[in-house]
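K.L.:
Structure incoming, see below.
The values are calculated or read from the model by the stated rules, or taken from the named source; none is laboratory data. The structure displayed is predicted, hence computed values, not measured ones. Glycine gets a Cβ as well: all are built from the backbone with ideal geometry, and neighbour counts include every protein chain shown.
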Amino acid sequence: MSFSGDVKQELCREELTRACCARAEAYGVLLYCNTFSSREIRIITENDTFARRLPRLFERAFQVSFDRLPEKGRKRVFGMTAPEKLGQIINALGYDPSQHLVLHLNFGLLEESCCRAAFLRGAFLAGGSVAPPDKRYHLELSGPHAQASRELEALLADMGYAPKTVDRGAGRMLYFKSSGQIEELLTLMGAPVAAMELMNAKVEKDLRNGVNRRVNCDAANLGKAVDAAREHLEAIERLHALGRIETLPEKLKETIVLRETFPELTLAELAAEFEPPISKSCLNHRLRKLVEISKT
Ligand SMILES: [Zn+2]
């Protein structure tokens with residue numbers, strides 16, 4: 001099963017205990033499912049656990065059952081066209097059945113944080129997907145009702161999860177790219193195991209990137225160390241050729257001997273070879289001095 005499928009399976013383990021939350025979850029499903037109008041509800045899913053949850057969810061939320069239950073197959077279609085059932089649902093959600101359904105978000109149903117989480121769970125079950133943790137970070141909610149999506153966007157921003165957005169035909173997609181946001185949203189909706197998987201994958205990925213960066217960095221430093229050593233050795237060669245070594249102070253002579261003995265060492269390593277060890281900056285100063293003298 002896909003990672004999205006795993007997440008949906010985990011979300012469906014949430015008990016349908018509180019009536020307020022069942023209604024909020026069903027509300028999220030309706031706004032993000034295939035069709036929700038005053039004439040028809042149609043929910044299509046390929047997810048088995050969600051298909052098992054739907055009838056119970058609608059029973060708990062609205063005390064209604066679907067007219068049409070899915071046949072066996074990959075895509076399960078749940079349908080409802082009976083006017084009295086639709087009226088009951090539309091009423092419960094606070095819409096006016098006589099008006100054409102322009103779907104604003106009814107914030108009254110989402111005041112409690114438990115209900116907000118349930119609403120997001122429903123929206124994700126019907127219109128959400130999330131990329132596998134070893135791939136890129138991406139969680140999206142795609143719904144056909146642009147207005148409701150814009151209002152959900154505001155609600156999410158209010159909760160500290162401002163999504164990115166893109167319009168898709170009449171609908172609108174909200175999506176998240178930050179692994180931290182995605183982890184928190186999954187946990188909030190009721191999928192802490194999936195969130196943990198994402199977190200672990202990120203740690204592993206960061207670790208791998210960190211190691212790569214360090215290796216590249218070491219190689220670059222080694223290159224620099226070699227270039228610096230070459231400059232020092234050339235300066236020392238010139239000093240030899242000019243017969244000036246003996247005129248130099250003891251400290252510089254000592255530095256020359258050690259640099260010649262250990263041409264491959266970095267400054268820090270070379271500084272440690274002195275008796276007693278000197279500081280890297282002190283060594284750097286001495287070597288600069290040698291280069292300088294060799295050019296005069
Ligand atoms: Zn609630």
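K.L.:
Among the residues of region 77-92, are any within 16 Å of the ligand (Cβ to nearest atom), more than 26 Å from the chain's Cα centre (by Cα) and assigned by TED's automatic domain parsing to the domain that holds Tyr27?
P.N.:
Looking for residues that are within 16 Å of the ligand (Cβ to nearest atom), more than 26 Å from the chain's Cα centre (by Cα) and assigned by TED's automatic domain parsing to the domain that holds Tyr27, one finds at least one in region 77-92, hence yes.
K.L.:
Of the residues that sit in region 113-135 and are surrounded by fewer than 24 Cβ atoms within 10 Å (Cβ to Cβ) and within 16 Å of the ligand (Cβ to nearest atom), which one is nearest to Asp48 (Cα to Cα)?
P.N.:
Here the answer is Ala117.
K.L.:
For region 68-75, indicate whether the set of residues that are crowded, with 16+ Cβ neighbours inside 10 Å and either of a type in the set (Gly, Ala, Ser) or within 19 Å of Leu185 (Cα to Cα) (or both) is non-empty.
P.N.:
No, that holds for no residue.
K.L.:
Check Thr165, Thr187 and return the single one that is surrounded by fewer than 18 Cβ atoms within 10 Å (Cβ to Cβ), out of contact with any Leu (no Cβ under 6 Å at 6 or more places or on another chain) and polar (S, T, N, Q).
P.N.:
Just one listed residue meets the conditions, Thr187.
K.L.:
Go through (1) surrounded by fewer than 18 Cβ atoms within 10 Å (Cβ to Cβ); (2) within 16 Å of the ligand (Cβ to nearest atom); (3) closer than 19 Å to Thr17 by Cβ one by one and return the number of the condition Glu59 breaks.
P.N.:
Checking Glu59 against (1) surrounded by fewer than 18 Cβ atoms within 10 Å (Cβ to Cβ); (2) within 16 Å of the ligand (Cβ to nearest atom); (3) closer than 19 Å to Thr17 by Cβ, the one that fails is (2).
K.L.:
Could you count how many residues in region 170-180 are in contact (Cβ under 8 Å) with a residue 24 or more places away in the chain and outside any strand (DSSP E or B)?
P.N.:
4
K.L.:
While we're here: Tell me whether region 34-44 contains one or more residues that are among the charged types (D, E, K, R), more than 16 Å from the ligand (Cβ to nearest atom) and more than 24 Å from Gly171 (Cα to Cα).
P.N.:
No - not one qualifying residue is present in region 34-44.
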